[in-house]
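Just so it is clear, none of the values below were taken in a lab; they were calculated from the coordinates. Given the structure is predicted, the values throughout are model-derived calculations rather than measurements. Cβ atoms come from the backbone with ideal geometry, glycine included; neighbour counts cover every protein chain shown.
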Amino acid sequence: MRLPRQDRYAELEPLLAKVEHPARYLDHEWGAVEQQDGPFHVCMIYADAYEVGQPNLGIAILYNELNAAEGISCERCYLPWVDMSALMREAGVPLLSLETSSPVASFDVVGFTLAHEMIATNIVETLDLAGIPIRAEDRDEDDAIIFAGGPSAWNCEPLCAMFDAVLLGDGEGEIVEAAQAVRDARAAGATRAEVLKALSKVRGVYVPSLYDVVVDETSTRWGYAVPKPGADVPEVVYKRCIPDLSVTDPVPQKMVPYMGIVQDRLAIEVLRGCARGCRFCQAGMTYRPVRERPLEQVVDAAEQGLRTTGYDEVSLSSLSTTDHSQCEQILLRLDERLRGKGVRVSIPSQRLDSFGVDMAAAVSGSRRGGLTFAPEAGTQRLRDVINKNVTEDDLERAARNAFELGWRRMKLYFMMGLPTETDDDVLAITAAARRVLEIGREVVGRGYKSGVSVSVSVSVFVPKCFTPFQWCGQLPIDEVRRRQDLMIRANRDRDIHISYHDAQVSVVEAALSKMGRAGFELVYGAWQRGCRFDAWTDQFKYEQWLEAGRAMGIDLEELAAEPYDLEARLPWEHTSPGVSKGFLKREWRRAAEGVTTSDCTMTSCVGCGVCPALGVDNHIEGDRHGR
Amino acid sequence: MADETFRLRVAYRKDGRLAYLGHLEVINTVERSIRRSGLPFSVGNGFARRMRVQFSQALPVGAFSEGEYYDLVLEEEVDTHEALELLKAASPSALGPYRAAYVPRRGPALEAWLNRSLWQVEIHGEELSADAVSEGIAAVKEAGKIDFMRGDKPRTIETVTTLVSWEATQEAWGVALALETRSSNLGALRPAVLLDAAFGTEALAGAVRSSQRVCRSGQWHEENGRLVEPFDANFTWSLT
């Protein structure tokens, strides 16, 4: 039932003194849109704590787009932390938006961003706290229409029982069209079913209730989705794609939080997409093609953004910032303009070569904290399998270069459980760390005072849809643990610090990545058993997840480890980021043969299928060839 | 080389929803407001290259204030009226600056210098008696110290010097309390800590507070028994 739209802050305020970090619930941040006249109201939700959700660039983009649209207002909401949600339930206060403290259940449209798989139970919790029926099929005619979208929408099937519509791809433009479709249909007196039908006509919008799931001999046990008879919806919904990043707002982040948040800085998206083709990387496949923002726009945006927000740090964000064809000029220009203002420039990811190190040096000034590289695998053989086009020499040269430029602490990211991995590959992780440490000692000197150290962080590989590894099973959890132990035991140097991810979290992540629509029972069952904030180590409850799986006759660990047949119809194939299945299969075969594939922005087309499928092209400002 | 920078003292309020900001959150917000204002602030030479700004003593989360202060070092002398207008335009209204003036460049840190506070506390509760509240506070003062927990850490604050005076007045909604406190390098007495202790005394046994609102209504420097206003133009700082 739709709740009345009214300011209920007075009911929330008495609770503020009793919770941790009341700043999470205050609103009125600098840059927040206070004018919320509507008359059509949308609430965008990041279903995690404020400090995690607030820096999300996707929400910021959609918030601005919707608030700029005629007759539409957009507010934000984050999931209250467990202390606050308990108090709210006790006091009978429903989930409220930030800007006007109106009940989320009073909005016309509520949108969720699917940032990662482990946010699943938080979405159930959010809907429950809001008082909106959790399953779309249980909603009344006038209940809010629930949207979802974001990086993890590519296998949204296990969650789509909760969503009326899923928006695929770049949200710019799409979100406004979708909101307008709801508004216009409502204004015309349409039923809920008619509203959903109208939404299905918006390009890039997938309406789950208009598709049936079929399980047959061509599919996995989760089946595949086909349009319902007479539904008049596409068999495959392709993502929306902005062809030119320069037409988008370069400074979408206008709001300045009061409390410390996880990325407490101005972020300028310098490019979207990455064509390096790492075979484990979902973002690398689903955000194609590569679109660079022009040099002048980046520099002006950084300067203007810093001036209007008051931040003292700007991050040039993207999947591979140092691949920007004008990266060097951008950094030089920023240095000229920002010198003496006490402002830091940061690059979130470093390329594993001397150029990457030079760029890191350019942004760090005289500061030399730690420098991070991601070789991902310990041996050349395995790096070729995953198409991580870096060599032993690249790593050694980058490390030597970094130590010579003054860095003392190196951080290396690896993955464990990659397809074809052997014990030799695992031992090579420690060996690579030793080699980097040895280079550091050669350059800087030995002994405690040299301060040279290497940190190694090892995550567990999770097979993701729309990657060449989507057919793989995850390495069984006991085997992951054995290999983690093997790696740890192989390290005898106290200047090498090895940390690894919790294999249990990865099991749940893998299970959610592989399941189809019936997987919602697992998510709902886990939530009923108290699971929420699963991405927070201290809140994650593995046993409850396993129990929820058992209750529906599933062994989660077995499910995570289950490979899929290369010819099977997969649960997510009715939505598409444009990358063709043929390309993914070819890449899978090349991986098995250890053959690498080049980056199409630096060489020539590799036939991933994205450009013809979406009618777009890579948009490179300068020249990447020969880099 | 002569220091050619300027020390601008700014008074601001903390009210509305922003009363629930912690001290670090206030500092971050004010620093960002200063950056937005475009004032020519000075940056320190340390590793982190931070803005040179000092704040008065931390206000507890949830406490309102009519008089908080910061001292900002500027590279150029900007007209005080203009500086104040720029800061106002760049600050959230609930942390709005309302007065600014230059003070001598060299002088003690603001946090230590403003060592006296006046608090207005509203203690809501239908059955509360002003006399009982007063007696409870007297008992705490008499005890000489308060042992309390901040988070999961045990803390102690002495009450003989930190609690200067108090006056409780009966109101229809409960008790209005005016409280004067003194801080030193040994610590500062927070009204909520004092009241929690007072409500644990025999005088207030069984008394129930439905809520309380704490507001710092002023801060001063105390020297030789005299209270000095933060903007007192006649006060000469001892630089020894």
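An oblate overall shape is assigned to region A:247-298, the ratio a/c of its alpha-carbon gyration tensor axes (a ≥ b ≥ c) being 1.5 or greater and a/b not exceeding b/c.
Summing +1 for each Lys or Arg and -1 for each Asp or Glu, what net charge is found among the other residues whose Cβ lies under 15 Å from the Cβ of residue A:81? Write out the running numbers ahead of the final one.
Numbers: positive: A:18, A:24, A:89, A:532; negative: A:20, A:48, A:51, A:83, A:90, A:125, A:534, A:538.
Result for the neighbourhood of residue A:81: -4.
Selection among A:554, A:302, A:40 by position relative to the dipole of chain A gives A:302 as farthest towards the positive end (Cβ unit charges, Cα centre). Distances between placed amide hydrogens fall under 5 Å for residue B:62 paired with B:20, B:21, all partners being 5 or more residues away or on another chain. Farthest toward the positive end of the dipole of chain A, out of A:19, A:100, A:191, is the Cα of A:19, where the dipole comes from beta carbon charges about the Cα centre.
Near residue A:362, once Lys and Arg are set to +1 and Asp and Glu to -1 for all other residues with Cβ below 10 Å from its Cβ, the sum equals -3. Once backbone amide H atoms are built at 1.01 Å from N, residue A:344 has A:313, A:314 as its partners under 5 Å, excluding neighbours fewer than 5 places away on the same chain. Please work out the C-alpha center-to-center distance from region B:32-82 to region A:201-243 and express it in whole Å. Centre-to-centre distance over Cα atoms comes out at 56 Å. Using C-alpha pairs under 8 Å with a sequence gap of at least 6, the mean separation divided by the residue count of region B:116-223 gives a relative contact order of 45 percent.
Relative to the present Cα-Cα distance, how much length would full extension add between residue B:149 and residue B:213 at 0.36 nm per residue of separation? Before the final figure, lay out the partial values.
Numbers: separation 64, 0.36 × 64 = 23.04 nm, distance 2.04 nm.
Contour length minus Cα-Cα distance gives 21.0 nm.
Computed about the Cα centre, the dipole magnitude for the protein assembly as shown is approximately 2200 debye when only Lys and Arg (+1) and Asp and Glu (-1) carry charge, each at its Cβ.
Checking every one of the GluC sites (Glu not before Pro) in region A:138-204 against DSSP loop status and a limit of 15 other Cβ atoms within 10 Å picks out A:141. Straight-line cross-link partners of residue B:14 among the lysines, defined as a Cα under 19 Å from its Cα and at least 8 positions apart when in the same chain: B:88.
Equivalent ellipsoid of the protein assembly as shown: semi-axes from √(5λ) of the C-alpha gyration tensor, largest first, are 49, 35, 27 Å.
How much of the pair distance distribution for region B:49-161 lies past 20 Å, counting alpha-carbon pairs only, in percent?
Roughly 62 percent, once rounded to a whole number.
Karplus-based coupling profile of region B:49-58, in residue order and whole Hz: 6, 8, 4, 8, 8, 10, 10, 6, 4, 4, with θ = phi - 60° in 6.51 cos²θ - 1.76 cosθ + 1.60 and x standing for Gly or Pro. A simple count of charges around residue B:107, restricted to other residues whose Cβ falls under 11 Å of its Cβ and scoring Lys, Arg +1 and Asp, Glu -1, yields +3. For region A:1-71, applying the loop criterion from DSSP together with a ceiling of 14 other beta carbons within 10 Å to the GluC sites (Glu not before Pro) yields A:20, A:34, A:70. Centroid-to-centroid, using Cα positions, region A:328-350 and region B:158-172 are 53 Å apart. Among beta bridges from DSSP that stay inside chain A, the antiparallel ones total about 15%. For the pair region A:495-547 / region B:122-148, the C-alpha centres are spaced 49 Å from each other. In region A:368-501, taking the dipole from charged Cβ atoms about the Cα centre, the farthest positive-side position among A:426, A:473, A:437 is held by A:437.
Where Rh denotes the Kirkwood radius from the mean inverse Cα pair distance, what is Rg over Rh for region A:368-501? Walk me through the intermediate numbers first.
Numbers: Rg = 15.1 Å, Rh = 15.3 Å.
Taking Rh as the inverse mean 1/r over Cα pairs, Rg/Rh reads 0.99.
With charges only on Cβ, +1 for K and R and -1 for D and E, what is the dipole size of region A:368-501 about its Cα centre, in debye, rounded to 20?
Details: 21 positive and 18 negative charges, 126 e Å.
It comes to approximately 600 debye.
With all projection directions averaged, the alpha carbon convex hull of region B:6-112 covers 6.3 nm². Restricting the chymotrypsin sites (Phe, Trp or Tyr not before Pro) of region B:12-101 to loop positions (DSSP other than H, G, I, E, B) with no more than 13 neighbouring Cβ atoms within 10 Å leaves B:47. Kirkwood radius, region A:141-259, all distinct C-alpha pairs, inverse of mean reciprocal distance: 15.9 Å.
Taking 0.36 nm per residue of separation and subtracting the current Cα-Cα distance, fully stretching the chain between residue A:34 and residue A:448 would add 143.5 nm. The lysines within cross-link reach of residue A:581, meaning a Cα-to-Cα straight distance under 30 Å and a gap of 8 or more places when in the same chain, are A:197, A:201, A:228, A:239, A:388, A:464, A:514.
Of all lysines in the structure, those lying under 26 Å Cα to Cα from residue A:449, and not within fewer than 8 positions of it along the same chain, are A:411.
Dipole size of region B:116-223 about its Cα centre, with +1 on Lys/Arg Cβ and -1 on Asp/Glu Cβ: approximately 520 debye, rounded to the nearest 20.
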